[in-house]
1. Note the full-extension length gain between residue 131 and residue 67 as 0.36 nm times their separation in residues minus their Cα-Cα distance, in nm to one decimal.
2. What is the order of 393, 254, 94, fewest Cβ neighbours within 10 Å to most?
3. So for each of 310-317, 84-91 I average, over its residues, the number of other beta carbons within 10 Å; can you give me the resulting order with the highest mean first?
4. So what's the back-of-envelope 222 nm ellipticity for the chain, counting only DSSP H runs of four-plus at -39500 (n - 2.57) apiece and dividing by all residues, rounded to 500?
5. Pick from 58, 41, 196: which residue has the top mean-square fluctuation in a GNM of the chain where Cα pairs under 10 Å get a spring?
6. With the contact rule set at Cα under 8 Å and sequence spacing of 6 or more, what percent relative contact order holds for segment 66-339?
7. Just subtract the alpha-carbon distance of residue 338 and residue 381 from 0.36 nm times their residue separation and send over the number in nm, one decimal.
8. Comparing 79, 216, 226, which has the greatest mean-square fluctuation in the GNM of the chain with Cα pairs linked when under 10 Å apart?
Amino acid sequence: MASQLNAASLEAYWMPFTANRQFKARPRLFVAARDMHYVTADGRRVLDGTAGLWCVNAGHCRAPIVEAIARQAAELDYAPAFQMGHPKAFELAERVAGLTPDELNHIFFTNSGSEAVDTALKIARAYHALRGEAGRTWLIGRERGYHGVGLAGLSVGGIMSNRQLFGPLLPATDHLGQTHYPEHNAFSRGEPSWGAHLADELERLVALHGARSIAAVIVEPVAGSAGVLVPPKGYLSRLRQICDRYGILLIFDEVITGFGRLGAPFASQFFGVQPDIITMAKGITNATVPMGAVAVRDEIYETFIQASETGIELYHGYTYSGHPLAAAAGLATLELYEREGLFARARELAPYWEEAVHSLKGVRHVIDVRNLGLMAAVELEPAQGRPAARAFEAFIRCFERGVLIRSTADIIALSPPLIVSRGQIDEIVGTLKGVLEELA
Ligand SMILES: Cc1ncc(COP(=O)(O)O)c(C=O)c1O
């Protein structure tokens, strides 16, 4: 069927975050997947070096998840999400709460990471309002942060190309500075030792906007989409301390780092820093059915519940919050993670991964390599006058040679499924090395 697609039949689909014209002139289509591999429309196997889009943590088309979704579709396709429920949404919430840090035991379901972010930001403002601090409305993000594409997520996000055509964005939003300074941090293995003090910029924003006007700070513990920016040692705990000092909620956007990417259930546990709210998506269902979620601290949930004796406590939700297929997929996914010990596996593989990616130091065009858990970025010197072209060309050539990597600006991001073998790590890095050596 896929082979019958021609230029005209590709036209109707307006592809997201894609150069549509280029793609449709030379399409790259996957038609099947299993475990660590995709299969292309022309029958080639492609090793997945990116877990799809940072989301297929247990590998592709895993039987227990596929079967759970099929069973659920036949048994209960949908139950209204408002004023009605179905058992699996409750079971999944309990299961997720078992993985989140100690005090974050209440889970609100969404359909995506973007919705999880908007939900979290709304909860933060409403929480303060219910406690009599309605003046706390400012939302602080960070340069180079990615929090999805909703208008609130964009407003706290810090990637210029995502923002520039859509203004004005939300008022009462501001940004911390980004944390990656190659002159101090290039080729760091794991967390860079320089830069914890960059968290102190929050003090400046407090002084500027007023201590009692800031509702929340949202950061990705490791910035993913902007090219794997690993936080300096001590940076996140310093942010936590400053938030505590001024009664500001700290939100970790763990859409990428959740579900084992760093070798712990969440980055929060990896870094030993507990936020007030966690947003998640992607790995929650191993990407099989769209789902996102927001975990909140018990006291936040209780504030809402106590504020209303009988009525609806939070005027917010989605038709598909806790959708039965997503809930079934989520339960099967979390069982699979546990049965196969995949988070521990990621932790054990991380040193091998680090060695492998840092072997690219000294390879042609490479100006930085950074890594944490099973994530890494290889930054290339931009080709003269053609920013982003070199990394994109590397992506195309790796794809043609059977390895999927991801490029963003002149950065190559790598994040394989947690079932990756050492041999496959070598294959990903070896293929990339070969491609870089021959790139102009
Ligand atoms: C940290 C972070 N937040 C939010 C999102 C948005 O998630 P979605 O694309 O599911 O809306 C992403 C997606 O990559 C992400 O990495």
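1. Working: separation 64, 0.36 × 64 = 23.04 nm, distance 4.52 nm.
Additional length available on full extension: 18.5 nm.
2. Working: 393 18, 254 30, 94 12.
Listing 393, 254, 94 from fewest to most nearby Cβ atoms yields 94, 393, 254.
3. On the way: 310-317: 11.6, 84-91: 15.4.
Order by mean packing, descending: 84-91, 310-317.
4. Values: 16 runs with 166 residues, N = 440.
That calculation yields -11000 deg cm²/dmol at 222 nm.
5. Looking only at 58, 41, 196, the largest GNM fluctuation is found for 41.
6. Working: 511 pairs, mean separation 78.8, N = 274.
Relative contact order here is 29 percent.
7. Values: separation 43, 0.36 × 43 = 15.48 nm, distance 4.05 nm.
Result for the pair: 11.4 nm of gain on full extension.
8. The residue with the greatest mean-square fluctuation here is 79.
Taken together, the values in this text are just the output of simple stated rules run on the coordinates, not laboratory data. None of these values were measured; they are calculated from a predicted model. Don't worry about glycine lacking a Cβ; one is built from the backbone with ideal geometry, like all the others, and counts go over all protein chains shown.
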